[in-house]
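Presented below is the structure to which this report refers.
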2 protein chains.
Amino acid sequence: MSSAPVTDSLGRLIDALQCLPGVGRKTAQRISYHLLERNRDGAGRLAESLREAIERIDNCQCCRGFSETPVCRLCDDPSRDDSLLCVVESPVDIQIIEEIGYRGRYFVLMGRLSPLDGIGPEELGIELLSARVAGGTIQEVILATNPTVEGEATANFIHELLKKRQVRATRLAQGIPIGGELEYLDGNTLACAFNSRRVL
Amino acid sequence: MSSAPVTDSLGRLIDALQCLPGVGRKTAQRISYHLLERNRDGAGRLAESLREAIERIDNCQCCRGFSETPVCRLCDDPSRDDSLLCVVESPVDIQIIEEIGYRGRYFVLMGRLSPLDGIGPEELGIELLSARVAGGTIQEVILATNPTVEGEATANFIHELLKKRQVRATRLAQGIPIGGELEYLDGNTLACAFNSRRVL
């Protein structure tokens, strides 16, 4: 048995909070009471920054990542290495790769090939990517799509396209994560690590 | 090493999302990219309902629970039992108790006695509670504060106050949860269940 929330706008807040990944009805209820009881200022700032972010952030015309200007900060930075292009599935991947100190350029597919979901080369902006590679300054395309079935298929598809051009395609190494233990590793990763073992 | 988010408003959104309970930097980053990539409509609705909730929801003048009107829906309902008053720590408790079909009145302390945090009888609205009990229609006060050290202390404090008046004070029963297993029960609860065992 479930009773209606005490006020209508509380009910609407509980509904709206369920847009957050992994947040169901119970968690949304807990969050909304928490905010109303203990952090109204924080809730106000959150409302403001959500509004601001969805209004201002669009996709960069060059790399398709997130940007508040037609061309993003990273594409616009003259100090970055134009010979390297890193192809990723999602804008969040840029954030992660930036943290390891990569200084080349990016291209965001905004997804991966998935014919069943109607996601083909057109949705991934492959034409824009081809045009960028055709420009001639790029010497290496790092295919940093996720090591999933769709991610691999997407990387292979782009690799095929690049074969026609004078450009090197690379893929991130796979194996045992640093600090990982063999005991807890899945068989596929372990097999891959065995096959790609290096001579010391 | 952490790099700045790609855009300023994305950075502000990541900061603001950390007002949610249990959400740290990493989760906030994941949530903000998820919303911007896949659910901008949901994010817009969330911003709107946060704004609406913090603007409209205040505390009921009668029970101190959440309300959009000076007196809340529950206090204003003439069909409820005026002889029962349930005292809870937080407005969320009302929601939970409503779900089990309780039809009496409520009083929300908005906290529990905690001298170290500067929360005394004044902060809990004890004067308002006393005035309500003095009204004479209430026959039983159900002290439904949480079974924690502070919750018990708060219940005891209110119980002492009520002794002067012709009103029964009750406390929720404690014991083994329905469907619980002895094996996984903590010692305190089990001891309490033993001490409060009933004759069949």
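The values are calculated or read from the model by the stated rules, or taken from the named source; none is laboratory data. Values in this document were obtained by computation on a predicted structure and should not be read as measured data. Quick reminder, even Gly has a Cβ in these numbers, built from the backbone with ideal geometry, and neighbours come from all protein chains shown.
Select from the range A:99-117 the residues that are over 13 Å from A:Glu150 (Cβ atoms) and either assigned to a loop (DSSP other than H, G, I, E, B) or within 11 Å of another protein chain (Cβ to nearest Cβ) (or both) and list them in ascending order.
A:Glu99, A:Ile100, A:Gly101, A:Tyr102, A:Arg103, A:Tyr106, A:Val108, A:Met110
Out of the residues in the range A:82-98 that are polar (S, T, N, Q) and either farther than 19 Å from B:Arg40 by Cβ or in a loop (DSSP other than H, G, I, E, B) (or both), state the one that is farthest from the other protein chains (Cβ to nearest Cβ).
A:Ser83
Taking the condition of being closer than 16 Å to B:Asp58 by Cβ and more than 29 Å from the chain's Cα centre (by Cα), how many residues in the range A:15-34 meet it?
Matching residues across the range A:15-34 total 1.
Quick one: in the range A:149-172, which of the residues that are over 21 Å from A:Tyr102 (Cβ atoms) and part of a loop (DSSP other than H, G, I, E, B) is modelled with the highest pLDDT?
In this case the residue turns out to be A:Lys163.
Tell me which residues, restricted to the range B:1-26, are over 19 Å from A:Ile100 (Cα atoms) and in a helix (DSSP H, G or I).
B:Asp8, B:Ser9, B:Leu10, B:Arg12, B:Leu13, B:Ile14, B:Asp15, B:Ala16, B:Leu17
So how many residues does the range B:64-121 have that are over 15 Å from the mean Cα position of the chain (by Cα) and among the hydroxyl-bearing types (Ser, Thr, Tyr)?
Selection size over the range B:64-121: 5.
Within the range B:40-63, is even one residue within 30 Å of B:Val167 (Cα to Cα) and touching a strand residue (DSSP E or B) at 6+ places or on another chain (Cβ under 6 Å)?
First, pick out the residues of the range B:40-63 that are within 30 Å of B:Val167 (Cα to Cα): B:58-63.
The next check asks that each one be touching a strand residue (DSSP E or B) at 6+ places or on another chain (Cβ under 6 Å); those that pass are B:60, B:63.
Yes, the range B:40-63 has at least one match.
Can you confirm whether A:Leu124 is part of a helix (DSSP H, G or I) and farther than 19 Å from B:Pro5 by Cβ?
In short, no.
Given A:Thr170, A:Thr154, A:Thr148, which one is out of contact with any Asp or Glu (no Cβ under 9 Å at 6 or more places or on another chain), polar (S, T, N, Q) and under 29 Å from A:Leu190 (Cβ atoms)?
Of A:Thr170, A:Thr154, A:Thr148, the one residue that is out of contact with any Asp or Glu (no Cβ under 9 Å at 6 or more places or on another chain), polar (S, T, N, Q) and under 29 Å from A:Leu190 (Cβ atoms) is A:Thr148.
Only one of (1) more than 9 Å from chain B (Cβ to nearest Cβ); (2) within 21 Å of B:Glu37 (Cα to Cα) is not met by A:Ala16, so which one is it?
Of (1) more than 9 Å from chain B (Cβ to nearest Cβ); (2) within 21 Å of B:Glu37 (Cα to Cα), only one is false for A:Ala16: (1).
It is to be established whether one or more residues within the range B:177-187 are under 28 Å from B:Ser83 (Cβ atoms) and either β-branched (Val, Ile, Thr) or in the same structural domain as B:Gly104 (by TED's automatic domain parsing) (or both).
yes
Given the conditions (1) more than 7 Å from chain A (Cβ to nearest Cβ); (2) of a type in the set (Ser, Thr, Tyr); (3) in a helix (DSSP H, G or I), which single one is not true for B:Ser79?
So B:Ser79 meets the others, but not (3).
Being in contact with a Pro (Cβ under 7 Å, 6 or more places away or on another chain), acidic (Asp, Glu), free of Cβ contacts under 8 Å to residues at least 60 places away in the same chain and surrounded by 15 or more Cβ atoms within 10 Å (Cβ to Cβ): is that true of A:Glu37 here?
Yes, satisfied.
What are the residues in the range A:34-59 that are among the hydrophobic types (A, V, I, L, M, F, W, C) and either more than 7 Å from every other protein chain (Cβ to nearest Cβ) or more than 16 Å from B:Ile14 (Cα to Cα) (or both), if any?
The answer is A:Leu35, A:Leu36.
Which condition from (1) outside the structural domain of A:Ala134 (by TED's automatic domain parsing); (2) under 21 Å from A:Leu128 (Cβ atoms); (3) not polar (S, T, N, Q) is the one that A:Leu46 breaks?
A:Leu46 satisfies every listed condition except (2).
Residue pairs, Cβ under 7 Å, 6 or more apart or interchain, first in the range B:128-146 and under 12 Å from B:Leu162 (Cα atoms) and in the same structural domain as B:Arg105 (by TED's automatic domain parsing), second of a type in the set (Phe, Trp, Tyr) and in a strand (DSSP E or B). List them.
So the pair list comes out as B:Leu129/B:Phe107; B:Arg132/B:Phe107.
Which residues, taken from the range B:49-76, are part of a helix (DSSP H, G or I) and either surrounded by fewer than 19 Cβ atoms within 10 Å (Cβ to Cβ) or among the hydroxyl-bearing types (Ser, Thr, Tyr) (or both)?
Kept after step one, since they are part of a helix (DSSP H, G or I), are these residues of the range B:49-76: B:49-56.
Across the range B:49-76, the qualifying residues are B:Ser49, B:Glu52, B:Glu55, B:Arg56.
Within the set of pairs 6 or more residues apart or between chains, which connect a residue that is closer than 25 Å to B:Phe157 by Cα and in the same structural domain as B:Phe157 (by TED's automatic domain parsing) inside the range B:77-89 to a residue that is acidic (Asp, Glu) and part of a strand (DSSP E or B) with Cβ atoms less than 6 Å apart?
B:Leu84/B:Glu140
Restricting attention to the range A:143-160, and to residues there that are closer than 19 Å to A:Ala131 by Cβ and surrounded by fewer than 16 Cβ atoms within 10 Å (Cβ to Cβ), which single residue is nearest to the chain's Cα centre (by Cα)?
A:His159
Take the range A:139-148 and flag every residue that is assigned to a loop (DSSP other than H, G, I, E, B) and out of contact with any helix residue (DSSP H, G or I) (no Cβ under 6 Å at 6 or more places or on another chain).
Residues satisfying the conditions are A:Gln139, A:Ala144, A:Asn146, A:Pro147, A:Thr148.
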